[in-house]
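Worksheet: one structure, shown below.
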Amino acid sequence: MPRVQVEGFTSADAAEGQTLLEFCEEHGIPMECACGGFAACNSCRVEVLDGEGALSPVVEEEHDFLDAPNQRLGCQAEVLGDVSVRLASGM
Ligand code: FES
């Protein structure tokens, strides 16, 4: 199983294909989700610290909300392998 580390919160196994938002909800990590997970806000944004290639490809809708190449929307990024992220809401 892929291992997900969320800086300052937890490191745990994730189901392959689970989004980072789903992972955070499962583990009680306070990732915000203002639009309900429809790629229509940036409240679930994360900074990928390691393992960017272990996430599903960036979807077109994300481009409007990302300021840097190492950022993703947690509701859109599916876990495919080991990855380390930092919650970036409020950046
Ligand atoms: S929850 Fe709004 S973009 Fe992810």
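The values are calculated or read from the model by the stated rules, or taken from the named source; none is laboratory data. Everything numeric in this text was worked out from a predicted model, so none of it was measured. Glycine gets a Cβ as well: all are built from the backbone with ideal geometry, and neighbour counts include every protein chain shown. The area values use the complete protein model at the heavy-atom level, side chains included, leaving out ligands, DNA and RNA. Shrake-Rupley method; radii C 1.70, N 1.55, O 1.52, S 1.80 Å.
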Filter the stretch 1-12 for residues that are exposed (fewer than 13 other Cβ atoms within 10 Å of the Cβ) and not aliphatic (A, V, I, L, M) and give the result. GLY8, SER11
Yes or no: the stretch 69-84 includes at least one residue that is away from the ligand (no atom under 16 Å from the Cβ), more than 17 Å from ALA12 (Cα to Cα) and open to solvent by 40 Å² or more (accessible area, probe 1.4 Å). yes
Can you run down the residue pairs with Cβ atoms below 6 Å, 6 or more apart or on separate chains, where the first is in the stretch 41-66 and within 19 Å of SER84 (Cα to Cα) and the partner is open to solvent by less than 20 Å² (accessible area, probe 1.4 Å) and modelled with pLDDT under 95? ARG45/ALA88; VAL46/ALA88; GLU47/ALA88
I'm trying to understand the selection: among the residues of the stretch 14-60, which are touching a Leu at 6+ places or on another chain (Cβ under 8 Å), more than 8 Å from the ligand (Cβ to nearest atom) and open to solvent by 50 Å² or more (accessible area, probe 1.4 Å)? GLU16, PRO30, VAL58
Could you check the stretch 1-35 and list, in sequence order, the residues that are part of a loop (DSSP other than H, G, I, E, B), farther than 12 Å from LEU87 by Cα and touching a strand residue (DSSP E or B) at 6+ places or on another chain (Cβ under 9 Å)? MET1, PRO2, ALA14, ALA15, GLU16, GLY17, GLN18, HIS27, GLY28
